[in-house]
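See below for the structure under consideration.
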Amino acid sequence: MTPAKRQGDTTPPAKPAPSFGDALAQEIFAGRDLSQPDPVDQALLQRPTISFRLRLILAFSLFFLLALGITLWSIRVLGTVQQKILFLEVADDFKLELQQARRFEKNFLLYGSNLEDALEHVQQAHRLARENRQTFLQVMGAEGVITLEEHLQQYAQLLSTLARDRSAREQQQVREHGGALLVAAQGLVEGERRLVHEMLGLARRVPFVFLLVLFVLGVLLVWFLGRQVLATLSRFMGYTERIAVGDFSPITPARKYRDEFSTLALALNRMTRELDRHHRILVESHKLRAMGNLVAGVAHELNNPLNNIMLTASLFKDDFPELDDDEKLDMLADIIGQSERARQIVRNLLDFARESETQLEPLAVKKILEETVQLVGNQLRVKKIKLEMNIPDELPAVHGDRQLLQQVFMNLILNAVDVLPERGRIVISSDTGKREGFLAIDINDNGPGIPEHILGQIFDPFFTTKPKGQGTGLGLSVSRGIVRKLGGYLFVESELGRGATFSVLLPITSVPATVGAGGS
Amino acid sequence: MAMICLSSLAGCPGEEVAREAARLTGSEYVGPELLTAAATGAGLPVEKLHQALTTAPSFFGITLATRRRCLAHLQAVLTGRLLQGPTVFLVPYGHHLVRGISHLLKVRLYAPGEVRAQSWAQARSCSAAEAVRRVREQDRVRLLLARLLFSADDDDNDLFDLVVNSSHLDVEAAAQVVAETATQPRYRETSYSRQCLEDLALANRVKAALVGEDDEVEVTSSGGLVRLRTRVTGRRSRRRRQRLQQLAEQVDGVMGVELEQVDDLISRITRPLR
Amino acid sequence: MDARQLEILLIDDEDIVGKRLRPMLEKAGYQVEVFTSGREAIERLARKTFDIVISDVRIDEVDGLEVLAAVQQHSSRTKTIMITGFATLELAREALAKGAFEFIAKPFYPKDLKKVVDKAAAQLRQE
């Protein structure tokens with residue numbers, strides 16, 4: 001057993017039922033005035049521009065500033081280190097002078113010689129301290145410098161007094177001051193050396209930290225910009241998918257600013273407008289084709305009421321003197337009744353033919369189907385096709401456009417008529433359980449069915465199985481386009497030799513109560 | 001008594017069969033005199049009309065408009081003649097010119113190319129090669145013009161009710177087949193077919209009157225009511241449309257004229273697709 | 001032949017056709033029976049032979065061509081006039097080939113039909 005094949009939409013459209021159909025005729029014949037920007041386009045354009053180029057420039061500038069900062073800082077650190085090294089040399093000299101002074105002081109105390117040398121070295125140290133006072137001040141602070149200077153002065157004084165008075169007390173004082181001085185100088189040198197080491201250590205670590213920061217920042221930036229690009233790209237992919245399923249509503253601004261993608265959005269909007277226009281032309285021209293078929297049938301259909309009128313009116317005229325009033329009234333009533341019948345036939349056709357704006361409204365499908373069946377009545381009669389309509393009166397209203405739906409149904413019915421042999425059968429039924437929120441209208445025929453290998457192509461434009469010149473191959477493609485625009489789906493299921501079933505799934509309207517507004 | 005349209009390929013004995021079939025059915029044979037009458041109607045010399053129907057389209061050749069004019073007048077003359085009584089006619093493209101008349105039997109006289117070339121050479125005493133060339137050329141032009149003027153494939157046998165292979169039958173036998181077929185009940189004149197012919201004749205008369213103004217106008221008629229479909233559209237050509245209407249109203253037998261402007265969107269769209 | 005009243009069977013599912021044509025034909029000296037159903041008409045034809053049958057081509061489940069066949073089966077002498085609103089070249093030829101006497105397209109004037117009926121009657125009387 002061959003399972004029934006199912007072919008058709010599987011993805012729901014992004015948005016149901018966008019509005020289309022403003023001044024259709026005008027657009028078809030005159031084309032759009034492209035110098036006049038679309039309101040949506042204007043909304044897209046009337047945003048501040050923050051382009052990706054600008055964003056890249058900003059990111060680059062940030063990196064550059066960071067690198068500049070780090071470089072400047074490094075230069076400064078190196079400068080400081082250099083100064084410190086210079087100072088270290090001075091401090092070392094200072095220490096050395098003091099050490100010499102102490103050595104000579106010791107010699108003097110031991111052997112009584114070299115006191116002048118000690119003094120000279122102290123003075124040398126004093127001079128160094130004076131010459132580099134500024135640096136000393138920076139390193140030791142005012143207090144330290146003053147104490148150092150005091151110590152130096154006192155030491156020098158003590159040394160000079162030591163020449164005259166070599167008492168033990170004096171000797172003791174000289175030793176104390178000399179020791180303190182040496183300790184201070186030692187501390188100074190040690191402190192400075194430690195500082196230099198710290199700074200050099202910092203200068204070694206900072207580049208690594210900087211690299212890390214740069215890396216993190218780079219990653220963040222790539223992620224941020226990438227996310228923006230990717231998000232926009234996926235947004236645009238969404239648009240194209242939407243367009244692919246026949247939703248031609250324009251792209252509206254999604255962000256507060258404009259960038260390169262806005263230009264793309266404008267281009268896409270222009271494209272969808274063109275697509276929409278062509279789709280409408282296609283739908284319209286296909287409708288005209290369908291009408292051509294109908295007109296022939298309807299013209300014949302009209303012959304019956306016309307014949308009745310012609311006969312009655314002719315005889316009314318010929319037999320006028322002999323007719324009594326009742327007969328005359330009866331004949332006139334017949335003429336009026338038959339004229340009414342003719343008018344109804346014409347009106348049905350005109351209703352279908354009327355070029356009107358698409359109006360999405362809650363519709364009673366049954367009424368539309370009945371009108372459609374009336375229109376194709378002649379085609380059915382010619383082939384003696386039996387049409388059963390199993391549609392309950394109580395059906396939820398669907399969302400759609402009356403004329404467009406009529407076009408779809410007519411197309412499906414006429415397709416069935418074309419494939420059916422004489423005395424074939426068409427069954428139209430409804431089903432609310434096929435998919436949540438949708439009403440399914442099934443049009444089933446007991447014709448030859450559709451071979452599996454062409455089942456996938458029947459909705460393609462210009463695909464036709466009819467002899468050359470008889471079909472445009474657009475019927476099913478246009479029908480699917482219409483149904484998708486209305487937010488529904490069109491499927492076919494067929495088994496060879498057992499006929500085919502076309503299912504139109506239409507969204508059930510959420511607006512309650514207005515069932516029966518199908519007319520007007 | 002029969003109405004027969006004979007279409008004879010180059011080199012087939014069309015005229016002989018037509019005359020014989022006319023004799024057998026008691027109808028009248030008409031042929032070249034229709035072309036003369038049509039040429040008079042179109043205001044052209046017969047040679048020119050003949051050229052319009054037998055030469056291939058070329059850049060410096062006869063314009064399409066002239067060809068249409070010739071056809072319109074030929075059509076008018078032909079259907080006018082058919083109204084007068086049973087007729088067997090042999091005119092170029094006659095089977096395209098009269099359509100939808102159930103009591104008109106359309107016959108194609110056919111023979112393979114070699115056979116036709118042979119009889120052509122005999123009849124005109126020219127060389128065999130020359131005859132083959134001429135017959136081929138005529139077939140080519142015939143197909144080309146049928147496509148151009150009637151959008152039809154002239155070799156399509158569906159255009160005919162009867163196709164007779166004249167290479168197997170002599171003129172008498174072929175005429176007999178034609179005559180017997182034509183006298184079948186199927187091809188009897190009815191009120192309906194008579195009405196169709198009258199409508200067609202009126203439409204053709206009107207078309208002949210209008211063709212100088214608009215060579216693409218389509219005319220249909222039903223019981224004296226004439227309907228014009230013109231591609232002359234737009235506000236600027238209003239005067240031309242008024243003129244069409246006036247000309248149509250002046251034709252004998254016209255009781256009313258309806259003018260329809262065709263802005264043929266579909267063909268405009270599908271033209272590049274074809 | 002004799003001057004007896006010719007009998008006509010008229011079939012059209014449009015009741016107005018029968019309603020209007022019957023008095024006209026009766027006035028012209030014919031005897032007329034009217035049916036709106038092809039099936040009933042065929043049953044009637046099985047029981048009685050009419051001189052002239054006027055039938056619409058498209059009636060109900062039994063169409064005019066079947067009526068024509070039934071007429072031919074019972075009496076080849078009967079003249080059948082087909083009337084239809086769906087006239088085509090093919091249909092006209094088919095009807096004639098199946099033995100119809102005439103084929104008239106709707107809409108027609110009563111006098112047109114009467115002319116055809118009179119023509120049929122004249123032929124019947126000649127035979």
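The values are calculated or read from the model by the stated rules, or taken from the named source; none is laboratory data. Computed from a predicted model, the values in this text were never measured in an experiment. No Cβ is skipped: glycine too gets one built from the backbone with ideal geometry, and neighbour counts run over all protein chains shown. Just the protein is used for accessible areas: all its heavy atoms, side chains included, with ligands, DNA and RNA removed. Shrake-Rupley method; radii C 1.70, N 1.55, O 1.52, S 1.80 Å.
Extending 7 Å from the Cα toward the beta-carbon at both residue A:96 and residue A:463 defines two label points whose distance is 10.0 nm.
Compactness of the protein assembly as shown was expressed as the Cα radius of gyration divided by 2.2 N^0.38 Å, which yields 1.79. Pairs from the table (A:384/B:106; A:317/C:119; C:27/C:79; B:207/C:106; A:386/C:98) lying more than 22 angstrom apart at Cα are A:384/B:106; A:317/C:119; B:207/C:106; A:386/C:98.
For residue B:8, the residues whose amide H sits under 5 Å from its own are B:109, ignoring neighbours fewer than 5 places away on the same chain, with H placed 1.01 Å from N. For segment B:68-100 versus segment B:18-58, the spacing of their alpha-carbon centroids is 9 Å.
Pairs of Cα atoms nearer than 8 Å and 6+ residues apart set the relative contact order; for segment B:105-233 it is 21 percent. 3J(HN,Hα) couplings calculated from phi for segment A:435-449 with the Karplus curve 6.51 cos²θ - 1.76 cosθ + 1.60 (θ = phi - 60°) are, in sequence order, 8, 4, x, 10, 9, 9, 10, 9, 10, 10, 10, 9, x, x, x Hz; Gly and Pro show x. Close amide H contacts of residue A:387 (hydrogens built in the peptide plane, cut-off under 5 Å, sequence separation of 5 or more or a different chain): A:426. Heavy atoms of chains C and A lose about 2000 Å² of accessible surface on contact, summed over both sides with a 1.4 Å probe. Using the Cβ-Cβ distance between residue B:126 and residue A:327 with R0 = 56 Å, the FRET efficiency computed as 1/(1 + (r/R0)^6) comes to roughly 0.15.
Restricting the trypsin sites (Lys or Arg not before Pro) of segment A:405-446 to loop positions (DSSP other than H, G, I, E, B) with no more than 10 neighbouring Cβ atoms within 10 Å leaves A:423. Karplus-derived 3J(HN,Hα) values for segment A:49-60, using 6.51 cos²θ - 1.76 cosθ + 1.60 with θ = phi - 60°, are 8, 10, 7, 5, 4, 4, 5, 5, 4, 4, 4, 4 Hz; glycine and proline are entered as x. Full extension of the chain between residue A:454 and residue A:172 yields a length gain of 89.4 nm, computed as 0.36 nm times the residue separation minus the alpha carbon distance.
Seen against the Cα atoms of chain A and their longest principal axis, helix A:260-318 is set at about 10 degrees. As a length-normalised measure over Cα pairs under 8 Å and 6 or more apart, the relative contact order of chain C settles at 23 percent. With the simple spin-label model, which puts each label point 7 Å out from Cα in the Cβ direction, the residue B:36 to residue A:318 separation comes to 4.5 nm.
Of the chymotrypsin sites (Phe, Trp or Tyr not before Pro) found in segment A:210-278, those in coil by DSSP whose Cβ has at most 16 other Cβ atoms within 10 Å are A:257.
Rolling a 1.4 Å probe over the protein heavy atoms of segment B:3-187, with every protein chain left in place, gives an accessible area that is 51 percent carbon and sulfur. Residues of segment B:191-228 with accessible area at least 40 Å² lower in the all-protein-chain context than alone (1.4 Å probe)? Going by heavy-atom accessible area, the residues of segment B:191-228 that drop by at least 40 Å² are B:191, B:192. The distance between label points at residue A:254 and residue A:209 comes to 4.1 nm (points 7 Å beyond Cα on the Cα→Cβ vector).
Please compute the length gained on full extension between residue A:240 and residue A:53, using 0.36 nm multiplied by the number of residues separating them and subtracting their Cα-Cα distance.
64.8 nm
Helix B:171-182 and the longest principal axis of the C-alpha atoms of chain B enclose an angle of approximately 40°. Restricting the chymotrypsin sites (Phe, Trp or Tyr not before Pro) of segment B:1-88 to loop positions (DSSP other than H, G, I, E, B) with no more than 14 neighbouring Cβ atoms within 10 Å leaves B:59, B:60.
The lysines within cross-link reach of residue A:106, meaning a Cα-to-Cα straight distance under 18 Å and a gap of 8 or more places when in the same chain, are A:95. The accessible area of residue A:151, taken with all protein chains in place and a 1.4 Å probe, comes to roughly 50 Å². Roughly what percent of Cα-Cα pairs across segment B:3-187 reach past 24 Å? Here the long-distance tail beyond 24 Å is 38 percent of all Cα pairs in segment B:3-187. For residue B:184 and residue B:243, the FRET efficiency from 1/(1 + (r/R0)^6), where r spans their Cβ atoms and R0 equals 41 Å, is about 0.35.
Volume per residue for segment C:6-126 equals 91 cubic angstrom (convex hull of Cα atoms).
Annotation: amide H of residue C:85 within the under-5 Å range of C:57, C:58, C:106, sequence separation 5 or more or interchain, hydrogens built in the peptide plane. The accessible-area ordering, largest first, of the residues C:80, A:501, B:220 stands as B:220, A:501, C:80, per a 1.4 angstrom probe.
Each helix, a run of at least 4 DSSP H residues, gives -39500 (n - 2.57); summed and divided by the residues of chain A, these come to -23000 deg cm²/dmol at 222 nm. Helical runs assigned H by DSSP (4 residues or longer) give chain C a calculated mean residue ellipticity at 222 nm of -14500 deg cm²/dmol, each run adding -39500 (n - 2.57) before division by the residue total.
Applying 1/(1 + (r/R0)^6) with r as the Cβ-Cβ distance of residue A:182 and residue A:83 and R0 = 22 angstrom yields a FRET efficiency of 0.35. What is the helix-to-structure angle for B:191-210, meaning the angle in degrees between its Cα long axis and the longest Cα principal axis of chain B, kept from 0 to 90 and rounded to the nearest 10? Long axis of B:191-210 versus the principal axis of chain B: about 70 degrees. The mean accessible area for residues of the protein assembly as shown, using a 1.4 Å probe and ignoring ligands and nucleic acids, is 51 Å² per residue. Taking a quarter of the surface of the Cα convex hull of segment A:72-206 gives a mean projected area of 8.3 nm². Computed over chain B, the per-residue total of -39500 (n - 2.57) for DSSP H runs of n ≥ 4 gives a 222 nm mean residue ellipticity of -16500 deg cm²/dmol, rounded to 500. Give me the percent relative contact order of segment A:364-429, please, defined on Cα pairs under 8 angstrom at least 6 residues apart. With pairs under 8 Å counted, the relative contact order is 53 percent.
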